[in-house]
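Here's the structure, in structure tokens; my notes come after.
Nothing in this text is a laboratory measurement; each read-out follows from the coordinates by a stated rule. Fair warning: this is a prediction, and the values are worked out from it, not measured in the lab. Every residue, glycine as well, gets a Cβ built from its backbone with ideal geometry; the counts of neighbours run over all protein chains shown.
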Amino acid sequence: MGFFDSFAISASGLTAERLRLDVIANNLANAETTRTPEGGPYRRQAVVFAQRLERAAGGRRGAGVEVAAIVEDAAPPRLEYRPDHPDADARGYVAFPNVNVVNEMVDMVTAVRAYEANATALQAARQQAEAALDIGR
């Protein structure tokens, strides 16, 4: 594995975590959306990561991470009794999205830390490459 491989691995992590942050931001933005074009409340989305593999001599080796899918959370909507709400059912309950703001914020902090770790790894690989070039001068 060379310097360029480490650059690609870190870059794949940066890209994946950025998409994860976008999905979390979308979840937070729609935490109170009770009506969607598909009908019903907004459904929380989650990012599924998968290991990216490359063929190598003697088998396969890791080559970073990729987003395998963005899936909807199967948890049921949160029901609240609000008979005056325009989306209330006959019993007065409104179906709100299955988005827990506290959990989303924890996921956001985790994604930011993973993003920072990938940026730090990329910076370290760059510094090693520069040091190797300086030896050759």
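Just the residues that are of a type in the set (A, V, I, L, M) and surrounded by 11 or more Cβ atoms within 10 Å (Cβ to Cβ), please, taken from region 116-137.
Answer for region 116-137, where residues must be of a type in the set (A, V, I, L, M) and surrounded by 11 or more Cβ atoms within 10 Å (Cβ to Cβ): 117, 119, 121, 122, 124, 125, 129.
Results for (1) touching a residue at least 60 places away in the same chain (Cβ under 8 Å); (2) exposed (fewer than 13 other Cβ atoms within 10 Å of the Cβ); (3) β-branched (Val, Ile, Thr), shown as yes or no for each residue.
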{"residue": "37", "(1), (2), (3)": "no, yes, no"}
{"residue": "43", "(1), (2), (3)": "no, no, no"}
{"residue": "47", "(1), (2), (3)": "no, no, yes"}
{"residue": "96", "(1), (2), (3)": "yes, no, no"}
{"residue": "114", "(1), (2), (3)": "yes, no, no"}
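Does region 65-72 contain any residue that is of a type in the set (A, V, I, L, M), closer than 16 Å to residue 32 by Cα and surrounded by 15 or more Cβ atoms within 10 Å (Cβ to Cβ)?
no
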